[in-house]
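K.L.:
Starting off with a structure, shown below.
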Amino acid sequence: MAKKEKISPAKQRIIDNYEMQRQMLIKEGYEERLEIISILKANLMVFVTALPLVIAGIVFWGVTKKHGAFSFSIFDGIWFLLLYFGTMFLHEVLHGLGWSIWTKEGWKSIFLGVMWESLTPYCHCKEPLTPGKYMFGGLLPFVVLGIGLYVLAFSTDSLLILWLSLFNILGAGGDLAIMLHVFKYRNAYLLDHPTECGFAAFECF
């Protein structure tokens, strides 16, 4: 018999809140559509959504700068690893900040946690949002840590920041894949899923 996954009290409260929000929307006449993808598909979609942007960034750097993008010292590598692990957490904080702007309870509606089996931080929004607001929070880490750091690297000629930006673009590949599903909806509420990659969409016809 498979061992049942142990759920923390905090995670259980998130699941309970999700179910409560879901039932309220259904009772109000909204129809539910799940838009979730597996972790495997999210990782594979990085090759479709983010990798072309990384390649374009490297090519653009190569043709506009006098030096290449690969002259990296061991010291730079150590700093890169430290900074990158820091941006992994900042990535989730930015999701939360982007969503909390639009929630009724502000930051109280945001949950930050860690999937300890993979040491992966994650962010969850407890309130339903309209598609544009959900996309704002979903894309904020890509814009700030990906595009923003790339612009900073270009303006300062920093290879360290360049590679930090490129890896953050890759790290946002799953977010980009999920946001592609958001384009299906205009007049809907999107409720962040508490245990899967994606969201539940609620439309009223």
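The values are calculated or read from the model by the stated rules, or taken from the named source; none is laboratory data. Everything numeric in this text was worked out from a predicted model, so none of it was measured. Every residue, glycine as well, gets a Cβ built from its backbone with ideal geometry; the counts of neighbours run over all protein chains shown.
K.L.:
Quickly run through segment 28-50 and pick out the residues that are of a type in the set (V, I, T) and closer than 23 Å to N168 by Cβ. Give the derivation first.
P.N.:
Of all residues in segment 28-50, those of a type in the set (V, I, T) come to 36-37, 39, 46, 48-49.
Hits for segment 28-50 are I37, I39, V46, V48, T49.
K.L.:
Can I ask one more? Mind checking which helices (runs of 4 or more DSSP H) fall wholly inside segment 1-107 and carry at least 2 residues that are modelled with pLDDT under 90 and under 17 Å from the mean Cα position of the chain (by Cα)? If you could, list the steps in order and put the result at the bottom.
P.N.:
Details: elements: 9-27, 39-49, 51-64, 74-100.
By residue number, 39-49.
K.L.:
Is there any pair linking a residue in segment 59-80 that is hydrophobic (A, V, I, L, M, F, W, C) to one that is modelled with pLDDT under 70, with Cβ under 7 Å and at least six apart or on different chains, and which?
P.N.:
Going by the 7 Å Cβ cut-off, the qualifying pairs are W61/A69.
K.L.:
Say whether the condition of being closer than 30 Å to L82 by Cβ, acidic (D, E), out of contact with any Lys or Arg (no Cβ under 7 Å at 6 or more places or on another chain) and in a loop (DSSP other than H, G, I, E, B) is met by at least one residue in segment 116-134. Lay out the reasoning, then the answer.
P.N.:
Our first condition is that a residue be closer than 30 Å to L82 by Cβ; within segment 116-134, this holds for 116-125.
Right, trim to acidic (D, E) and you get 117.
From what's left, out of contact with any Lys or Arg (no Cβ under 7 Å at 6 or more places or on another chain): 117.
Cutting the leftovers down to in a loop (DSSP other than H, G, I, E, B) gives us 117.
Yes.
K.L.:
Same structure, new question: Taking only pairs six or more apart or across chains, which ones have beta-carbon atoms under 8 Å, a first residue in segment 126-153 that is among the β-branched types (V, I, T), and a second residue that is modelled with pLDDT of 95 or more?
P.N.:
T130/W102; T130/A188; T130/Y189; T130/L190; V144/L94; I147/S165; I147/I169
K.L.:
Here is a follow-up. Pick from segment 44-78 the residues that are touching a helix residue (DSSP H, G or I) at 6+ places or on another chain (Cβ under 7 Å) and among the polar types (S, T, N, Q): which of them is surrounded by the fewest Cβ atoms within 10 Å (Cβ to Cβ)?
P.N.:
S71
K.L.:
Have a look at L176, L166, L180 and point out the one that is within 16 Å of Y122 (Cα to Cα) and touching a residue at least 60 places away in the same chain (Cβ under 8 Å). Give the derivation first.
P.N.:
Working: L166 fails: within 16 Å of Y122 (Cα to Cα); L180 fails: within 16 Å of Y122 (Cα to Cα).
Answer to the selection: L176.
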